[in-house]
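J.: The structure is given below, and queries will be raised subsequently.
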Amino acid sequence: MHRGFANLESFLSRHGRFIISTHESPDGDGLGAEIGFRELLTLMGRESLILNSDPVPDKFQFIDPEHEIIVYGDSTVLPYPLEEYAVFVLDTNDFDNVGSIFAKLRDRVKEVFIIDHHEGGRDKLESNFIKVEASSTCEIIYSLFAYFGMTPSSKSAQAIYAGMLFDTGSFRYPKTTPETFRIAGHLVELGADPFKSYEHIYENNSLASFALRAMILSTMEVHHGGRLIAMKLTPDMIDRSGASFSEGELAINMPLTVHGVVASILVKQDSSGPVKVSLRTKGDYDVAEIAIANGGGGHKNAAGYKSGRPFEETFLRAIGDMDRFFRD
């Protein structure tokens, strides 16, 4: 039995009210995990609310049909003072990665518990629920329903399935296991709609996002004989295209559809945010090590980090960091 179950039970025994949050620029896995986990807490008789720094991207709106996710702002009024809450952080092993609300919560909430599946955060393994071999955080949330003898509603089944679909790249990434497919099958039995999930996530792009992807592709640099492609996403591109930053982030996966390409870099910056680096690879090229060395994290083949350096310097450094995979 994974030690995370006992850690979670201990955390629940110490607190009565909970805030659930996920990383900034939330994705399908973080959002699906939030919806499913809040339902689980409700079934257990616990008070909770979902509080995020950033809005739900349009393509993931279907995950939250009852609008449970609150986007924190200056006008947000909580039912109790922050000092009465403990926090669950889902789909990231760094509390400060929840975005702008971190500064609001950091010194006021009672305690923080992490539920995650990314590499890194080894110092947090003993007291949280971090299962790096899981395909997704949503897979962990499903396991919590089973552990506590609860069954997800059709709403939560849909949310958890969608999160698993997104974070496994449609059930094709290396952490996809037979157990992942067994869970997916049960979620479909409970009401998850595979076609609806795929259509919303992968066939729901705006015309502006196509323009933005064209701009990103125009920055493409090819290295190491076509095995590495590096690209840029700048605030100017977002302004000119009218697309959202989250729509541009998915461009990181496009180079890996090209024959012979085994690594992809996207250096990106939102209009008012820090410079970030996304790294993707195929095979045995471990980019999690690079991300962790730069203060980030992720998986073996999909990782990222925030950079404190200027954009162009970050771009050159990211390419240099990936050179280790192509030395003869």
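Throughout, read-outs are computed from the coordinates displayed, never taken from laboratory work. Keep in mind that what you see is a predicted model, and the values were worked out from it rather than measured. Because the Cβ atoms are built from the backbone with ideal geometry, glycine has one as well, and the counts that use them run over all protein chains shown.
J.: Report, in deg cm²/dmol and to the nearest 500, the calculated mean residue ellipticity at 222 nm for the chain, where each DSSP H run with n ≥ 4 adds -39500 (n - 2.57) and the sum is divided by the residue count. Each step should come with its number before you reach the end.
T.: Values: 12 runs with 121 residues, N = 328.
So the calculated ellipticity at 222 nm is -11000 deg cm²/dmol.
J.: Here's something else I'd like to know. So for the stretch 107-237, averaging the separation of alpha carbon pairs under 8 Å that are six or more residues apart and normalising by length, what relative contact order in percent results?
T.: Working: 125 pairs, mean separation 22.6, N = 131.
For the stretch 107-237, the relative contact order is 17 percent.
J.: Still on this model: Just to compare against my own numbers: the Cα pair-distance distribution for the stretch 89-224, 10 Å bins, whole % per bin, please.
T.: 10, 30, 31, 23, 5, 0
J.: Just order 308-314, 194-200, 48-54 by mean Cβ neighbour count inside 10 Å, highest at the front, would you? Walk me through the numbers before you get to the answer.
T.: Details: 308-314: 13.6, 194-200: 15.4, 48-54: 21.1.
Per-residue mean Cβ counts within 10 Å order the peptides as 48-54, 194-200, 308-314.
J.: Could you work out the Rg to Rh ratio of the stretch 207-326, with Rh taken as the Kirkwood radius (inverse of the mean 1/r over all Cα pairs)? Before the final figure, lay out each step's value.
T.: Working: Rg = 13.3 Å, Rh = 14.1 Å.
Ratio of gyration radius to Kirkwood radius for the stretch 207-326: 0.94.
J.: Continuing with this model, one more query. Average projected area of the Cα convex hull of the stretch 3-202, in nm²? Display every interim value, and only then the final one.
T.: Values: hull surface 41.6 nm².
With the hull built on Cα positions only, its mean projection is 10.4 nm².
J.: Shifting gears a bit: Over the chain, what is the relative contact order in percent, taking alpha-carbon pairs closer than 8 angstrom and at least six residues apart?
T.: On the way: 608 pairs, mean separation 44.0, N = 328.
For the chain, the relative contact order is 13 percent.
J.: Let me ask something else. In Å, what Rg and Dmax follow from the Cα atoms of the stretch 1-66?
T.: Rg, Dmax (Cα atoms, Å): 13.1, 38.
J.: On to the next question. Would you kindly derive the ³J(HN,Hα) couplings of the stretch 215-221 from the backbone phi angles with the Karplus curve 6.51 cos²θ - 1.76 cosθ + 1.60 (θ = phi - 60°), listing them in order in whole Hz, with x for Gly and Pro?
T.: Values, residue by residue: 5, 4, 4, 5, 8, 4, 10 Hz.
J.: With Cβ to Cβ distances under 10 Å as the rule, what net charge do the other residues near Lys155 carry (K, R +1; D, E -1)? Don't skip to the end; give the middle numbers.
T.: On the way: positive: none; negative: Glu39, Asp64, Glu66, Glu68.
That sum, taken over residues with Cβ under 10 Å, equals -4.
J.: What is the sum of charges around Ala134, taking Lys and Arg as +1, Asp and Glu as -1, for the other residues whose C-beta is under 10 Å from the C-beta of Ala134?
T.: -3
J.: What list of ³J(HN,Hα) couplings, whole Hz, do you get for the stretch 274-282 from phi and the Karplus terms 6.51, -1.76, 1.60, once you set θ to phi - 60° and write x for glycine and proline?
T.: For the stretch 274-282, the Karplus curve yields x, 6, 10, 10, 10, 10, 9, 9, 10 Hz.
J.: If amide H atoms are built 1.01 Å from N in the plane of the peptide, which residues on other chains or at least 5 residues away come under 5 Å of the amide H of Val112?
T.: Val87
J.: Strictly over 27 Å apart at the Cα level, which of Lys196/Lys268; Lys232/Lys282; Lys110/Lys300; Lys155/Lys306; Lys282/Lys306 would you flag in this model? Each step should come with its number before you reach the end.
T.: On the way: Lys196/Lys268 30 Å; Lys232/Lys282 20 Å; Lys110/Lys300 33 Å; Lys155/Lys306 34 Å; Lys282/Lys306 22 Å.
With Cα atoms farther than 27 Å apart: Lys196/Lys268; Lys110/Lys300; Lys155/Lys306.
J.: In debye, nearest 20, what is the charge dipole magnitude of the stretch 6-154 about its Cα centre with +1 on Lys and Arg Cβ and -1 on Asp and Glu Cβ, if you could check? Kindly include the intermediate steps, with their values, before the conclusion.
T.: Details: 12 positive and 26 negative charges, 90 e Å.
The calculation lands at about 440 debye.
J.: List the residues whose amide H sits under 5 Å from the amide H of Ile50, counting only those 5 or more places along or on another chain, with H placed 1.01 Å from N in the peptide plane.
T.: Long-range HN contacts for Ile50: Ile20, Ile70.
J.: Right, something else. Would you tally the net charge around Ala243, using a Cβ to Cβ cut-off of less than 11 Å, leaving Ala243 out, and scoring K and R as +1, D and E as -1? Could you put the intermediate results ahead of the total?
T.: Details: positive: Arg213, Arg240; negative: Asp58, Asp239, Glu247, Glu249.
Here the count lands on -2.
J.: Could you calculate the contour length gain from Ala208 to Arg106, that is, 0.36 nm times the residue separation minus the distance between their Cα atoms, to one decimal place in nm? Intermediate results must be reported in sequence, preceding the final value.
T.: Numbers: separation 102, 0.36 × 102 = 36.72 nm, distance 3.67 nm.
Additional length available on full extension: 33.1 nm.
J.: Moving to a separate point now. Whole-Hz ³J(HN,Hα) for each residue in the stretch 251-260, computed from phi via Karplus 6.51 cos²θ - 1.76 cosθ + 1.60 with θ = phi - 60°, x for glycine and proline: what do you get?
T.: Result, ordered by residue: 5, 4, 8, 4, x, 6, 8, 8, 4, x Hz.
J.: Hey, with R₀ at 30 Å, roughly what FRET efficiency would Val222 and Ser271 work out to, going by the Cβ-Cβ distance, to 0.05?
T.: Numbers: r = 28 Å, r/R0 = 0.94.
Calculated transfer efficiency: 0.60.
J.: Using amide H atoms built in the peptide plane, which far-off residues or other-chain residues are under 5 Å from Thr219 H to H?
T.: Residues meeting the criterion, in which the H sits 1.01 Å from N, are Lys232.
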